[in-house]
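These notes concern the structure reproduced below.
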Amino acid sequence: MKGKHIVLGITGGIAAYKAAALVRLFVKAGAEVQVIMTPNAREFITPVTLSTLSGKPVITEFFTANTGEWHSHVDLGLWADAFVVAPATASTIAKMANGVADNMLVTSYLSTRAQVFVAPAMDFDMMQHPTTTRNIATLRADGCRIIEPAEGELASHLVGKGRMEEPENIFREIDDFFNLTAGMKGTKLLITAGPTYEKIDPVRFIGNYSSGKMGYAIANEAAARGADVVLVSGPVGDSLQVHPGVKLVKVESAVQMLEAAAEAFQAADIAILSAAVADYRPAREYDRKIKREKDGIESLELVKNPDIAATLGASKHPGQILVGFALETDHELDNAAEKLRRKNLDMIVLNSLRDKGAGFGVTTNKVSLIYADGRERTDFPLKTKTEVAADILDAIATMKP
């Protein structure tokens with residue numbers, strides 16, 4: 001953590017007093033800490049305390065009252081290597097999830113490119129409210145890491161989940177993140193994502209329901225860890241965003257995806273093939289819309305698409321790691337293990353459409369990791385795709401090419 005830049009956002013909850021210990025832990029580990037407080041946070045802990053511990057003036061407003069000096073939220077966001085909000089009240093979580101930039105903390109959050117950590121702290125009933133649950137889910141989907149609150153006696157004297165995690169545990173999670181980042185820094189990754197569209201005519205295609213969310217989550221997580229990422233993406237919605245460190249290559253068909261992937265694979269240390277590539281394409285692509293009444297076409301002749309995973313597996317050189325995906329509906333383990341062997345993969349990520357919350361179009365996934373080196377299979381519970389992406393990259397970090 002030495003030399004890292006950490007922005008610590010503190011909001012108006014009783015757990016704000018714990019922020020002093022968190023600042024001290026960061027500084028003791030050699031990090032530079034810039035504290036941003038919401039106006040209400042000053043009612044629970046003084047800026048003087050936090051300024052003394054961090055060695056920097058605490059920022060609470062857009063302008064310094066006496067001098068009119070402007071605090072640049074853009075500069076703060078770009079300065080940060082990690083952006084931590086602890087404690088994060090229900091109000092601030094709602095503002096972050098919905099882009100309500102009415103204070104310096106949320107405005108800086110919207111400007112940062114760093115990994116964001118959010119440590120909720122609030123009363124039990126507020127924590128369980130559907131609105132809060134929905135807002136936290138939005139932050140997870142946006143790539144924030146949620147540091148789950150603990151259970152215990154709360155400020156209201158109710159007992160339940162809502163206590164901000166202890167500063168030592170928050171520090172440990174962020175320190176672990178930096179260690180993972182250091183391990184992946186400079187690593188070259190190829191990732192494929194989304195569906196492919198195989199044109200029938202100008203308005204129709206053969207495709208599937210893949211949203212691309214899993215591949216984009218892996219790409220963003222890898223870039224946040226410092227990797228050099230090439231993301232070859234089939235057609236996905238405009239709502240999917242990429243980390244600034246990701247080079248995005250957009251394609252449409254399986255043939256185009258193979259060309260782009262094969263080129264990037266030459267320089268890649270790791271390739272993760274999460275795209276749902278169509279197995280077949282029409283033998284003929286019509287240059288005008290087919291008319292049922294006029295053209296009388298009763299059937300389409302299909303031809304096989306190239307097998308991207310098998311093609312890259314056949315050309316894999318020593319030192320490269322190749323990871324594939326298997327979305328199955330039956331005989332899941334047998335089918336995934338056979339695919340792992342046949343395509344010369346080092347690891348395969350298995351998920352089943354029979355598992356609720358897994359598969360296409362959702363923000364969650366339930367996966368098992370199967371390895372070519374003979375180690376025991378790893379099974380994970382249902383998680384967000386952002387969390388699954390981290391699990392996949394953590395597993396790859398333990399593999400020897």
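Summary of values
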| quantity | calculated |
| --- | --- |
| Filtered residues of segment 201-226 (kept if in contact with an Asp or Glu (Cβ under 9 Å, 6 or more places away or on another chain), more than 21 Å from Gly324 (Cβ to Cβ) and open to solvent by 20 Å² or more (accessible area, probe 1.4 Å)) | Pro202, Phe205, Ile206 |
| Subset tally (residues that are among the hydrophobic types (A, V, I, L, M, F, W, C), assigned to a strand (DSSP E or B) and touching a residue at least 24 places away in the same chain (Cβ under 8 Å)) for segment 142-164 | 2 |
| Pairs with Cβ under 9 Å, 6+ apart, first in segment 276-288 and farther than 16 Å from Gln256 by Cα, second open to solvent by less than 40 Å² (accessible area, probe 1.4 Å) | Arg284/Ile200; Tyr286/Ile200; Tyr286/Asp201; Asp287/Asp201; Arg288/Asp201 |
| Segment 101-133: number of residues that are closer than 16 Å to Ile147 by Cα and surrounded by fewer than 16 Cβ atoms within 10 Å (Cβ to Cβ) | 2 |
| Any chance Val35 is of a type outside the set (Asp, Glu), at pLDDT below 95 and open to solvent by less than 60 Å² (accessible area, probe 1.4 Å) | no |
| Selection count where residues are part of a helix (DSSP H, G or I) and either under 23 Å from Pro167 (Cα atoms) or at pLDDT below 65 (or both), scope segment 60-85 | 3 |
| Sole exception among (1) closer than 26 Å to Asn179 by Cβ; (2) modelled with pLDDT of 90 or more; (3) among the hydrophobic types (A, V, I, L, M, F, W, C); (4) touching a Phe, Trp or Tyr at 6+ places or on another chain (Cβ under 9 Å) for Met399, by number | (2) |
| Cβ pairs under 7 Å, 6+ apart, first in segment 1-21 and over 24 Å from Ser111 (Cα atoms), second assigned to a helix (DSSP H, G or I) and modelled with pLDDT of 95 or more | Lys18/Pro167; Ala20/Thr49; Ala20/Leu50; Ala20/Leu53; Ala21/Pro167 |
| Neighbours by Cβ (under 6 Å, 6+ apart or cross-chain): first from segment 105-130, under 17 Å from Pro87 (Cβ atoms); second small (Gly, Ala, Ser) and part of a helix (DSSP H, G or I) | Ser108/Gly77; Ala121/Ala15; Met122/Ala90; Met126/Ala90 |
| Residue pairs meeting the criteria (Cβ under 7 Å; at least 6 apart or on separate chains; first under 18 Å from Gly313 (Cα atoms) and open to solvent by 40 Å² or more (accessible area, probe 1.4 Å), in segment 366-379; second outside any strand (DSSP E or B) and at pLDDT 90 or above) | Ala372/Leu340; Ala372/Leu345; Ala372/Asp346 |
| Qualifying residue in segment 40-52 (condition: touching a His at 6+ places or on another chain (Cβ under 9 Å) and either under 23 Å from Ala223 (Cβ atoms) or open to solvent by less than 20 Å² (accessible area, probe 1.4 Å) (or both)) | no |
| Arg24 vs. criteria farther than 20 Å from Trp79 by Cα, basic (Lys, Arg), more than 27 Å from the chain's Cα centre (by Cα) and open to solvent by 30 Å² or more (accessible area, probe 1.4 Å) | no |
| Unique residue being part of a loop (DSSP other than H, G, I, E, B) and within 22 Å of the chain's Cα centre (by Cα) when the list is Arg113, Arg134 | Arg113 |
| Search result, residues across segment 170-185 that are open to solvent by less than 60 Å² (accessible area, probe 1.4 Å) and not aliphatic (A, V, I, L, M) | Phe171, Asp175, Phe177, Phe178, Thr181 |
| Subset of segment 305-347 (residues that are closer than 15 Å to Ile272 by Cβ, in contact with a Pro (Cβ under 9 Å, 6 or more places away or on another chain) and either open to solvent by 60 Å² or more (accessible area, probe 1.4 Å) or aliphatic (A, V, I, L, M) (or both)) | Ile321 |
| Meets criteria (open to solvent by less than 20 Å² (accessible area, probe 1.4 Å), within 25 Å of Asn220 (Cα to Cα) and either among the β-branched types (Val, Ile, Thr) or under 25 Å from the mean Cα position of the chain (by Cα) (or both)) for Met96 | yes |
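One line per residue, one yes/no per condition, for (1) open to solvent by 20 Å² or more (accessible area, probe 1.4 Å); (2) modelled with pLDDT of 95 or more; (3) touching a helix residue (DSSP H, G or I) at 6+ places or on another chain (Cβ under 8 Å):
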site: Lys250; (1), (2), (3): yes, yes, no
site: Val255; (1), (2), (3): yes, yes, no
site: Glu259; (1), (2), (3): yes, yes, no
site: Ile270; (1), (2), (3): no, yes, yes
site: Leu300; (1), (2), (3): yes, no, no
site: Val303; (1), (2), (3): yes, yes, no
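The values are calculated or read from the model by the stated rules, or taken from the named source; none is laboratory data. Everything quoted here is computed from the prediction, not taken from an experiment. When we count neighbours, we look across all protein chains shown, and the Cβ atoms used for this are built from the backbone with ideal geometry, even at glycine. With ligands, DNA and RNA removed, areas are computed over all heavy atoms of the protein, side chains included. Shrake-Rupley method; radii C 1.70, N 1.55, O 1.52, S 1.80 Å.
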